[in-house]
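The values are calculated or read from the model by the stated rules, or taken from the named source; none is laboratory data. Just so we're clear, the structure is a prediction, and the values are computed from it rather than from any experiment. Counting neighbours? That spans all protein chains shown, and the Cβs are built from the backbone with ideal geometry, glycine included. Side chains included, ligands, DNA and RNA excluded: accessible areas come from the protein's heavy atoms. Shrake-Rupley method; radii C 1.70, N 1.55, O 1.52, S 1.80 Å.
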Amino acid sequence: MAASFPETAISTERLLLRPPADADAPSLVAMMADEQVNAWTAVPQPFTETHALEWIRRLAPARRAEGRGIGFVVTEHLTQRVVGRVELRDTDWRLRSTELTGITAPWARGEGYAPEAVLGVAQWLFEDRGFHRLELRTAAGNTAGQQVAQKTGCISEGVLRSAWIVRDDRAPGQPARTAAGSRSDLIVWSLLPEDLEGLQPDWAEQHHLLRD
């Protein structure tokens, strides 16, 4: 039987990353309707309640059970409202390496939630699950995603040329357009356990995110 992640939750200073539930469907639908989500992700558009329940009931549980990754809904401790979604995918159990993708709800941007969620997952992976590498990939024009990677201590490793399709007509530097959007380079970022040593960026000090 393939290795897999346990069904678990991750708590940070302000956030709870937990398994998705049916009650999350309306929030996920509202979150995925955002222009930035449409531009930089491969989420189906329009994203309907059927899509949300398919992810909650089948896709996320299957990914975890088969050892390919795990999906979390991100909620605020204070209000319990949904403020994002985080997934681990393409997990390599021999290398103890996995890729993280995340989406922040438009009503929760500017609060530092995305870096907090990424750092919480990274600490859980490295300290509790014995992983050695976490990878993120951001489209060349996705400056918000790149800022999240930088704020969590990720190191830029290089560029995968023409490796993604973005759906934003205004995305810069795209050489060719398809029916679905424009081709884009992907920037590859990595985070290793030693990258977290002594990490104290401005956003963490401001929001008191790092654990003692």
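Residues that are open to solvent by 20 Å² or more (accessible area, probe 1.4 Å), at pLDDT 95 or above and either in contact with a helix residue (DSSP H, G or I) (Cβ under 8 Å, 6 or more places away or on another chain) or not in a loop (DSSP other than H, G, I, E, B) (or both) do not occur anywhere in region 115-122.
The set of residues from region 58-88 being of a type in the set (Lys, Arg) and either within 15 Å of LEU17 (Cα to Cα) or in contact (Cβ under 8 Å) with a residue 12 or more places away in the chain (or both) comprises ARG63, ARG64, ARG68, ARG81, ARG85. None of GLY158, GLY145 is more than 18 Å from the chain's Cα centre (by Cα), among the small types (Gly, Ala, Ser) and either modelled with pLDDT of 95 or more or on the phi > 0 side of the Ramachandran plot (or both) except GLY158. For region 89-101, a residue qualifies if it is surrounded by fewer than 21 Cβ atoms within 10 Å (Cβ to Cβ) and either of a type in the set (Val, Ile, Thr) or touching a residue at least 12 places away in the same chain (Cβ under 8 Å) (or both), and the qualifying residues are ARG89, ASP90, TRP93, LEU95, ARG96, SER97, GLU99, THR101. Taking region 89-121 as the range and being under 21 Å from ALA21 (Cβ atoms) and of a type in the set (Gly, Ala, Ser) as the test, the residues that pass are GLY102, ALA105, ALA108, ALA117, GLY120. Counting only residues that are open to solvent by 30 Å² or more (accessible area, probe 1.4 Å) and outside any helix (DSSP H, G or I), region 123-141 holds 6 of them. Of the residues making up region 1-28, those that are touching a helix residue (DSSP H, G or I) at 6+ places or on another chain (Cβ under 8 Å), open to solvent by 40 Å² or more (accessible area, probe 1.4 Å) and not in a loop (DSSP other than H, G, I, E, B) are SER11, ASP22, PRO26.
Can you name the residue in region 126-142 that is over 14 Å from the mean Cα position of the chain (by Cα) and of a type outside the set (Asp, Glu) and, of all such residues, is farthest from GLY102 (Cα to Cα)? Residue satisfying both the conditions and the ranking: GLY130. Pairs meeting the criteria (first residue in region 160-187 and among the charged types (D, E, K, R), second residue open to solvent by 60 Å² or more (accessible area, probe 1.4 Å) and at pLDDT below 90, beta carbons under 7 Å, at least 6 apart or on different chains) are ARG167/ALA180; ARG183/PRO175. Taking the criterion of being assigned to a helix (DSSP H, G or I), touching a strand residue (DSSP E or B) at 6+ places or on another chain (Cβ under 9 Å) and either open to solvent by 70 Å² or more (accessible area, probe 1.4 Å) or not aliphatic (A, V, I, L, M) (or both), the residues of region 37-61 that qualify are TRP40, TRP55, LEU59, PRO61. Scanning region 44-61 for residues that are under 18 Å from the mean Cα position of the chain (by Cα) and over 20 Å from ALA105 (Cα atoms) yields a count of 2. Return the residue satisfying two criteria in turn: it lies in region 64-78 and is open to solvent by less than 50 Å² (accessible area, probe 1.4 Å) and not aromatic (Phe, Trp, Tyr), and of such residues it is nearest to ALA163 (Cα to Cα). Applying the filter and picking the extreme gives GLY69.
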